Each structure stands twice: as structure tokens, then as C-alpha cells.
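As C-alpha cells, the structure follows; a few thoughts come after it.
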Amino acid sequence: MKIANVIISEQSLPNFKNGSWTQRLEYFLKSSKNNINYVVCSEPKNNDIKSSSKFYYSKNRNSRIVNKFFPNKRYSDFILKIEKILKEYNQIIICVVDNVKLLNAISNFIDDKLLKNRVTLLFYNCGYSYFLGQKEHEEFCKNIDEVVFLTKSAYLYNKKIYKEFTPEISVINNPINKDVFYPVKKDIYEDEVLEKYNLKGKTVFLWLSHDRKKKGLSLVLNAWKSWANKGDNNVLLIVGAKRELVIDNVIFVGQIESSLVDKYYKCAHVYLFPTLWKEGFGLSLSQAICSGCFSIAANNGGVEDFFKNKDGILIDEPNIVENWVNAMKIAAQNVENSWQNENSGNQILNFNEWAEKFSQVFNKWQMRLKE
């Protein structure tokens with residue numbers, strides 16, 4: 001029996017936008033763990049991935065007119081590639097990456113062509129939940145054999161909110177590049193960032209994200225202003241946002257290159273993660289933990305799955321400013337007392353560990369089909 005493993009993504013691979021799942025899939029496809037026969041995706045603007053997998057590039061007909069009057073046309077080129085692969089194989093295992101509409105188009109194709117006995121359908125959920133209505137969810141799940149979640153809490157949440165949750169599931173946490181994000185001795189660490197912002201000898205609090213309301217920057221700034229008697233030794237570094245505000249001991253850095261992010265984590269003593277939405281995983285938080293920061297995090301979404309007591313403070317009621325004020329006071333005291341996490345990020349996967357777990361999902365279904 002000939003069986004093919006297939007990854008299907010509307011995003012191009014490689015993809016040069018900031019996106020954690022495209023980066024880890026690119027790593028996987030170039031690694032020795034790669035067991036994917038075909039990748040069907042949009043065509044990349046620049047270089048191809050050097051991979052053992054064969055790539056089929058598809059045209060994404062994503063126009064308002066086409067989608068309105070010919071809704072089945074948007075992913076028709078992706079469907080053609082699947083049909084081409086099916087001509088060469090008895091069975092195919094398809095993993096659709098983080099795209100409900102694309103999954104639904106493939107699921108409808110499976111029904112129309114009566115192919116469920118030849119197609120195993122997997123879905124890689126790279127968020128927390130899609131918050132679909134009950135009927136939408138049933139339609140979404142009708143042909144899915146397995147959903148891969150980032151966290152156990154995401155699975156439990158989705159199981160709870162829907163009347164039916166029928167697919168098999170597995171959980172694979174996001175990985176971190178631990179060759180880049182690793183702990184340093186903060187008191188002796190040297191970097192141009194410290195010099196540029198006059199941070200030497202100070203306790204550095206760091207917020208790093210895009211300036212969107214759900215990222216909680218306003219909450220952090222209000223907490224900082226409410227923290228009385230904090231002194232000039234405590235400094236708040238805001239990276240990724242540039243507001244026209246003047247606040248004592250707050251430095252707005254603005255946007256930086258993604259290649260420089262690790263330097264800011266290494267300079268920081270305390271990382272603030274005030275997420276106010278159902279976070280899929282919390283990539284920046286996991287990077288900060290791996291970089292040895294005392295972390296203060298909102299308990300939202302999948303955060304609790306990897307945040308340990310040794311990492312800092314997890315806030316169950318993150319919308320209350322006073323909780324952040326108290327947590328920052330405790331963090332400053334810990335830094336003053338030479339706090340150090342000897343096992344920073346041990347619970348977080350590196351890329352190779354993640355690639356092994358991801359490949360095992362396909363191996364499992366291959367074995368079942370061969371039995």
C-alpha cells in the first residue's frame with residue numbers, strides 16, 4: 001500500500017512574516033525528522049526550502065468578488081494538487097495548518113468525491129479556539145480524524161464549549177530556539193542595549209509585543225504609575241510600541257528587528273506578559289522564561305500549561321491593576337535578592353524535540369493504515 005504524508009498551508013513556506021508556526025514548519029521540513037512527502041502551499045516570494053519533501057505551489061484566489069460569487073473557487077488549485085497526489089497513492093494523510101476555511105474546502109471535496117476511505121484528515125490548531133458556532137463546529141469536524149493542539153487547556157476548553165467534539169487529539173507545545181534564547185548572569189551581562197538606554201546597574205522590567213489592546217500595555221503602564229516609591233533603580237522598557245507619553249523611568253523603544261529580540265530578554269530582569277485574550281501559547285513569554293527572566297504573566301489561554309511556580313508569578317485576575325503593582329514589587333525584591341532560575345525553560349521544548357513529536361503524529365496514522 002502506498003501512503004503519502006501531506007502538509008497543506010495557505011501561507012507560503014518559507015514565509016518571511018513574523019509567525020512562529022511557519023518558522024517551526026520550515027525547521028521541520030529541513031530536518032532529519034521530516035517525513036512529509038508533499039507540501040501544498042502558496043508560492044513563496046523568495047527562496048524555496050531545501051527539503052526532501054516535494055512542493056506543489058498553489059494559486060490562492062482570494063478576491064472579494066470570487067469569494068462572494070464563486071466560494072468554491074478560492075481553494076480550487078489546492079484541491080487540484082490533492083487530486084494529483086491521490087492518483088499516485090492508495091492513501092494520503094493530510095494535515096491542514098491553522099485555516100478553518102481551507103479545511104472546510106478539503107472536507108467538502110472529500111464528501112463530494114466519496115474519498116473518506118482514502119483520506120486521513122488532520123488539523124494543526126496553532127491558536128486556542130476558533131470560537132465557531134455549534135453548527136459551524138460540527139461541519140468543521142465532520143471529516144477530521146485528529147486535531148493537534150498547542151496546549152491541553154486549549155483542548156479542554158474546546159471540548160467544553162461544544163456539544164460534540166469528535167476528533168482524536170494530541171498536544172504538542174510550541175518550541176523555542178534554545179541556541180538563541182538562553183539564560184545569562186544578568187549582573188555581568190554586557191550588551192549595547194544596556195549602554196544605549198543607560199540600564200547598567202538597574203532592575204529592568206520588559207514588555208515586548210505589538211501595541212494592541214489585548215496585549216495589555218495600558219494595564220502595565222497604569223500599574224507602573226500606581227507603584228509608589230519604586231525609585232529610579234527600576235526601569236520599564238517598552239519594546240514594539242511607541243507612544244507619545246512621558247512617564248518616569250519608562251523607555252519606549254518602538255519596533256525592532258526580530259533578530260534583536262533575544263538581546264532585550266537577556267538585558268531584562270523581569271518580563272511582563274499581561275495578555276488579555278485567549279493566548280494560544282505565549283511565545284514571547286516562553287522566550288523570556290528560557291532567557292532567565294523573572295516573569296509575571298496573566299493566566300489566560302494556554303499560559304498555565306507551561307508556566308511553573310519557579311518562573312515567577314501567574315496572575316489569575318489580570319484585569320485588576322493592583323495585582324500587577326503587587327507582583328512588580330515582589331519581582332523587584334526577588335531581583336534585589338539575586339533571584340535566579342537554575343532550570344530556566346526546562347519544561348519548554350526545543351525545536352528538535354518538537355520536530356520528533358510532530359513526525360510521530362504522521363507515523364502513528366501510517367502504522368494504523370498498514371495494519
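The values are calculated or read from the model by the stated rules, or taken from the named source; none is laboratory data. All figures in this text were calculated on a predicted structure; none of them were measured in a lab. Note that we place each Cβ from the backbone using ideal geometry, even for glycine, and neighbour counts take in every protein chain shown.
Annotations
- Restricting segment 193-211 to residues that are farther than 15 Å from Leu272 by Cα and without any contact (Cβ under 8 Å) to a residue 40 or more places away in the chain leaves a set whose member that is surrounded by the fewest Cβ atoms within 10 Å (Cβ to Cβ) is Gly201.
- Here Gln366 passes the criteria (1) surrounded by fewer than 19 Cβ atoms within 10 Å (Cβ to Cβ); (2) in the same structural domain as Trp224 (by TED's automatic domain parsing); (3) over 24 Å from Asn222 (Cα atoms); (4) of a type outside the set (Gly, Ala, Ser) except the one numbered (2).
- Residue in segment 154-163 that is more than 19 Å from Asn5 (Cβ to Cβ), buried (at least 17 other Cβ atoms within 10 Å of the Cβ), hydrophobic (A, V, I, L, M, F, W, C) and at pLDDT 95 or above present: yes
- Among the residues making up segment 308-344, those that are outside any helix (DSSP H, G or I), farther than 14 Å from Tyr271 by Cα and not hydrophobic (A, V, I, L, M, F, W, C) are Lys308, Asp316, Glu317, Pro318, Asn319, Asn337, Ser338, Glu342, Asn343.
- One residue stands out among those in segment 1-50 that are part of a loop (DSSP other than H, G, I, E, B), small (Gly, Ala, Ser) and within 20 Å of Val148 (Cβ to Cβ): the one that is farthest from the chain's Cα centre (by Cα), which is Ser31.
- All positions within segment 263-280 that are surrounded by fewer than 22 Cβ atoms within 10 Å (Cβ to Cβ), of a type outside the set (D, E, K, R) and over 20 Å from Trp224 (Cα atoms): Trp277
- Filtered residues of segment 302-331 (kept if surrounded by 21 or more Cβ atoms within 10 Å (Cβ to Cβ), touching a strand residue (DSSP E or B) at 6+ places or on another chain (Cβ under 8 Å) and not β-branched (Val, Ile, Thr)): Phe307, Asp311, Gly312, Pro318, Trp324, Ala327, Met328, Ala331
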